[in-house]
1. Within region 301-314, is there a residue that is surrounded by fewer than 19 Cβ atoms within 10 Å (Cβ to Cβ) and more than 14 Å from ligand 2 (Cβ to nearest atom)?
2. Condition check: at pLDDT below 90, surrounded by 13 or more Cβ atoms within 10 Å (Cβ to Cβ) and closer than 30 Å to Lys333 by Cα. Does Ile234 satisfy that?
3. Kindly provide the set of residues from region 293-311 that are out of contact with any Leu (no Cβ under 8 Å at 6 or more places or on another chain) and closer than 20 Å to Gly372 by Cβ, ordered by number.
4. Which ones in region 137-171 are surrounded by fewer than 18 Cβ atoms within 10 Å (Cβ to Cβ), of a type in the set (A, V, I, L, M) and over 23 Å from Phe47 (Cβ atoms)?
5. If you go through region 381-393 one residue at a time, do you hit one that is exposed (fewer than 15 other Cβ atoms within 10 Å of the Cβ), in the same structural domain as Tyr334 (by TED's automatic domain parsing) and either modelled with pLDDT of 95 or more or away from ligand 2 (no atom under 16 Å from the Cβ) (or both)?
6. Suppose the filter is hydrophobic (A, V, I, L, M, F, W, C), without any contact (Cβ under 8 Å) to a residue 40 or more places away in the chain and outside any helix (DSSP H, G or I); does Ile256 pass it?
7. I'd like to verify a number: residues in region 385-394 that are more than 11 Å from ligand 1 (Cβ to nearest atom) and out of contact with any Phe, Trp or Tyr (no Cβ under 9 Å at 6 or more places or on another chain), how many?
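The values are calculated or read from the model by the stated rules, or taken from the named source; none is laboratory data. These figures come from a predicted structure and were not determined experimentally. Counting neighbours? That spans all protein chains shown, and the Cβs are built from the backbone with ideal geometry, glycine included.
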Amino acid sequence: MKKLKSYHFIILLLILVSIQILFFNLIVRNDLRVSGGAFTSFLNNLFDYDNFVVAKLDNKFNDFQLNQNFSDILKEGPNDYIQGIYYPGKTLKYVKKVSDGYLLYEIPEDLVKTPKNTDKIYLIVVGEEVVFSNNNLLIGNNPSKIKLFSVISETKHGFKVVVGYTIGSIVLYDFLISLPLVLLFAFFYYFTFYYYSSKYKKITNSISNLVESLEKTNELINKKRIVEYYNCEINSPELKLLQKELQKMVHNFSDILEKQKIISKEYEKTLEELEITHEILLNRNIQLISALAEAVEIKDSVTGNHSKKVVELSLEIAKILGINDEDEIETIKYGAILHDIGKIGIPEAILNKPSKLTPEEFEIMKKHTIFGEKIIKSIPGWDLVADIVRHHHENYDGSGYPDGLLGEEISLRTQVVSIADVFTALTEDRPYRKALSVDEALKIIKGMVGTKFSKRIFEAFLKALDRHLNAVDKNELL
Ligand SMILES: [Fe+2]
Ligand SMILES: [Fe+2]
């Protein structure tokens with residue numbers, strides 16, 4: 001909607017005042033017409049009476065009885081009547097032509113009834129002269145020089161009757177009649193432009209304060225993590241209520257956050273406790289399984305911590321291969337400890353047979369990989385450890401067991417444990433042979449590159465072995 005401006009109101013006021021003045025003046029004119037009509041018909045009747053004849057004049061306006069000549073004040077007129085002059089004698093004089101002269105009429109002023117004490121002006125005009133008026137000052141004047149808002153009518157005897165108001169009076173009336181409308185408009189203007197615009201300004205200021213307040217509240221939350229409403233000055237009562245509600249909302253939000261913090265802390269504590277419990281349980285599991293592995297070693301008549309040695313060498317190889325992931329290292333570590341755990345299910349006679357196993361016995365022996373996987377899989381999250389246990393006898397050329405995996409189908413972690421296991425086993429005593437020297441073992445393993453092991457794992461193994469043996473030597477010297 002187009003905005004109303006002050007001058008629109010002034011134009012509208014001018015139009016309305018003009019219409020009002022126009023109507024008022026029409027009414028006044030109508031009233032003057034009625035008054036003029038009444039006065040004219042009254043004069044018509046009055047001039048018909050012969051009772052007002054006071055003298056007989058000759059053709060030259062001589063009154064023989066009074067011996068007075070009226071020619072200087074009475075002149076022959078255009079009709080039966082002669083123009084009359086109102087005298088200080090308080091009578092309205094006029095003459096009527098008869099056959100041998102004129103009859104002089106005099107009407108007492110009291111009979112020419114016009115309202116007294118009014119602004120309405122009554123004039124009787126003959127020719128260019130006012131011969132009678134309720135305002136004595138106007139008698140004798142030229143009517144065209146008297147500024148009046150008037151209505152003119154004519155008597156049947158040739159007199160003009162003028163009824164009107166002075167221009168000053170009519171302007172005053174017009175002003176007085178317009179005053180209420182102007183005052184009403186001034187009042188209306190105050191409410192629309194002053195009152196509402198000042199109210200609008202107040203609301204606009206309050207809204208911008210409120211926005212600033214919300215921005216600062218938001219800044220407090222974002223930067224300082226403080227949930228607190230930033231109060232601002234507000235002039236509008238409605239917006240004050242809104243601010244109060246916002247304060248409440250932020251306060252409630254702060255309460256909820258506090259409660260959430262407490263819950264979160266409790267949750268973190270519970271989680272920590274759970275992690276500790278999980279760690280304890282895991283360690284117990286590992287202890288239990290390690291004890292099992294140890295039992296297997298005893299059963300297998302393997303001396304000198306076979307598993308422990310496999311672990312150390314495996315971790316060294318993993319390091320050379322650049323395996324840094326903690327979980328991966330842990331997997332390799334447990335895979336190495338437990339790789340032969342399945343031997344618990346193999347008869348002792350086979351495990352400790354001092355001579356070569358028959359093919360049937362070897363088939364049974366192979367099952368230790370499957371038994372081992374079954375045991376380890378019972379531990380949740382240890383699937384990758386179980387993978388090492390199942391596949392530590394797989395060969396790179398696919399000739400291994402139990403699944404005959406080929407090349408990189410065997411996971412790198414399993415390859416690591418596998419080569420460490422073979423080397424450790426070769427350098428240990430067995431029921432059917434004595435321990436080989438490092439060089440002899442290396443020679444055998446080198447011969448296995450391409451069949452049992454990949455070249456990559458063999459090279460990593462060599463570097464790791466070098467470091468491992470140095471470390472062992474140093475420990476022995478210490
Ligand atoms: Fe094995
Ligand atoms: Fe082994």
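1. No, every residue in region 301-314 fails to be surrounded by fewer than 19 Cβ atoms within 10 Å (Cβ to Cβ) and more than 14 Å from ligand 2 (Cβ to nearest atom).
2. Taking the combined requirement at face value, the residue does not satisfy it.
3. Glu294, Ala295, Val296, Glu297, Ile298, Val302, Asn305, His306, Lys308, Lys309, Val310, Val311, listed by residue number.
4. The answer is Leu137, Ile167, Val171.
5. Yes, there is a match, as at least one residue in region 381-393 is exposed (fewer than 15 other Cβ atoms within 10 Å of the Cβ), in the same structural domain as Tyr334 (by TED's automatic domain parsing) and either modelled with pLDDT of 95 or more or away from ligand 2 (no atom under 16 Å from the Cβ) (or both).
6. no
7. Of the residues in that region, 2 qualify.
To keep it simple, each residue is scored yes or no on (1) assigned by TED's automatic domain parsing to the domain that holds Leu32; (2) at positive phi; (3) touching a helix residue (DSSP H, G or I) at 6+ places or on another chain (Cβ under 8 Å).
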position	(1), (2), (3)
Glu128	yes, no, yes
Leu137	yes, no, no
Asn142	yes, no, no
Leu148	yes, no, yes
Leu183	no, no, no
